[in-house]
Amino acid sequence: MAERTVTSTAVRPDLDLTNARWQSGTQEMGGVEIAFVEGWIAMRNGRTPEVPAVIFSPGEWNAFVLGARDGRFDLT
């Protein structure tokens, strides 16, 4: 099966994430963290917060979450 690629037309803003309120899906520190900033969704690895975050538009985030719920990213 061929890989599907999605091209976004959304222009990524240069968000200031200095005061972002990062949320983790787990109780332990260091997992995937997200922050909602100025209508965008930022995602980072909590173990390496100095690495730039990935920025999603609301539509992209919705597609990602629905895909994850549907098992599209299950690598096991």
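Annotations
- Sulfur and carbon atoms: percent of accessible area, the range 29-76 [1.4 Å]: 60 percent
- Proximal charge balance of ILE55 [Cβ under 13 Å; K/R count +1, D/E count -1]: -2
- The range 12-76, accessible area per residue, ligands and nucleic acids excluded (1.4 Å, Å²): 75 Å²
The values are calculated or read from the model by the stated rules, or taken from the named source; none is laboratory data. Just so it is clear, the model here is predicted, and its values are computed rather than measured. For neighbour counting, all protein chains shown are included, and Cβ atoms are generated from backbone atoms with ideal geometry for every residue, glycine included. Protein only, heavy atoms only, side chains kept; ligands, DNA and RNA dropped before computing areas. Shrake-Rupley method; radii C 1.70, N 1.55, O 1.52, S 1.80 Å.
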